[in-house]
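Below is the structure I would like to discuss, written out as structure tokens.
Read-outs throughout are calculated quantities, based only on the coordinates presented, and are distinct from any laboratory measurement. Values in this document were obtained by computation on a predicted structure and should not be read as measured data. Here the Cβ positions follow ideal geometry from the backbone for every residue, glycine too, while neighbour counts run over all protein chains shown.
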């Protein structure tokens, strides 16, 4: 499916730095803030708002569920604002700019979670982006490094007044985001499964070196997905055990359903990894069979030309016809002076080659494996 994937890379500048040191990635995008505030009969949506405007919205809509959707982490004022306004701890702010595995914590008076968003907008590049989530009462803050994501269905549900989302609190919104992330895992893994099926058909028809590279690429992608899905399952399990999301809405039944989905996804990823390994074995078997075909042809050619080479080498020996005293030597290749000797040898060599070909054909050596 993909030709490029983003891997986890540790920022070496953090080595030796004190805990809580915030390092903004060099390729960070400009910070943009989107705000949603809703109640059952009310919805406010604003785009590209300032930090001051966000403060006003939070102050004016304290009874509403507010979603502060932050995209891009280049603005250094973002971290100061989060620490001052929502009391986000420096250790949590440090994780925003770094690559983290899915996790959930409740250490500083608010819920803090990280998810990995997997999506492939063009079907060729698999993006692996970090989504940081802070739940501070009725205010939900999400932070991502890029402008593209997989959360647009959640936003559409908020905009639609007929959807139950408008009647639920901020904790249900957190669950809805987790659910959207997991659902998109299924979409990505399903595309990989279809690619595996296509590769299997191509390998059975005509295995090529490019197929080996594609199999290795898929195996790496499945391994990356497994490294994401495993801690995602542990994160959901922690939410169920510690009851972090049940203060406003009874979400345990939804979280258990989500946990079942992630468990099913783990089984699916493991089965696809096994399929990828079997495809590599199939490729190697096809390559081996093709090599056997080549060796079979070379063996038949050698078997045909070995007796012919023997005859040609035999008559290439320069034995004298007469001794030094002039007496004849009748046993030294009498065919050399026969008028039909050359023709007779050619006919013998031709019949030998034809006889060997007939023998190979009767033994079935001309059939493919």
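Go ahead and estimate [θ] at 222 nm for the chain from helices alone: -39,500 (n - 2.57) per DSSP H run with n ≥ 4, summed, over the residue count, rounded to 500.
Taking each H run of at least 4 residues, the total per residue is -18000 deg cm²/dmol.
Let me ask something additional. With each pseudo-label sitting 7 Å past Cα toward Cβ, what's the residue 161-residue 24 distance in nm, one decimal?
4.1 nm
So how tilted is helix 252-314 from the main axis of the chain? Cα-based, degrees 0 to 90, rounded to 10.
10 degrees
For 77, 89, 244, what ranking results if the residue with the fewest other Cβ atoms within 10 Å of its Cβ goes first?
Exposure proxy ranking, most exposed first: 77, 89, 244.
For region 239-362, what number results from the quotient of the Cα radius of gyration and 2.2 N^0.38 Å?
Expressed relative to 2.2 N^0.38 Å, the Cα Rg reads 2.79.
Express in nm, to one decimal, how much length is gained between residue 234 and residue 277 on full extension, taking 0.36 nm for each residue of separation and deducting their alpha carbon distance.
Extending this stretch completely gives an extra 12.8 nm.
For the chain, what is the Kirkwood hydrodynamic radius in Å, using each pair of distinct C-alpha atoms?
For the chain, the Kirkwood estimate is 26.3 Å.
Can you give me the three principal axis dimensions of region 261-300 from its C-alpha atoms, in Å, biggest first?
58, 6, 5
Using Cα centres only, tell me the gap between region 163-211 and region 333-369 in whole Å.
Cα centroid to Cα centroid, the span is 64 Å.
If you project the alpha carbons of region 167-281 onto their three principal axes, what span does each projection cover, largest first, in Å?
Principal axes ranked by extent give 59, 25, 16 Å for the Cα atoms.
Ok, one more. Given a Förster distance of 51 Å, report the FRET efficiency between residue 85 and residue 190 from their Cβ-Cβ distance, rounded to the nearest 0.05.
Calculated transfer efficiency: 0.80.
Here is a further query. Could you give the C-alpha radius of gyration of region 315-362 expressed as a fraction of 2.2 N^0.38 Å, taking N as the number of residues it contains?
Ratio of Cα Rg to 2.2 N^0.38 Å: 1.66.
Can I ask one more? Helix 77-86 against the longest principal axis of the chain: what's the angle in degrees, Cα atoms only, rounded to the nearest 10?
Orientation of helix 77-86: about 50 degrees from the principal axis.
Sequence gap at least 6, Cα distance under 8 Å: using those rules, report the relative contact order of region 4-286 to the nearest whole percent.
Rounded, it is 17 percent for region 4-286.
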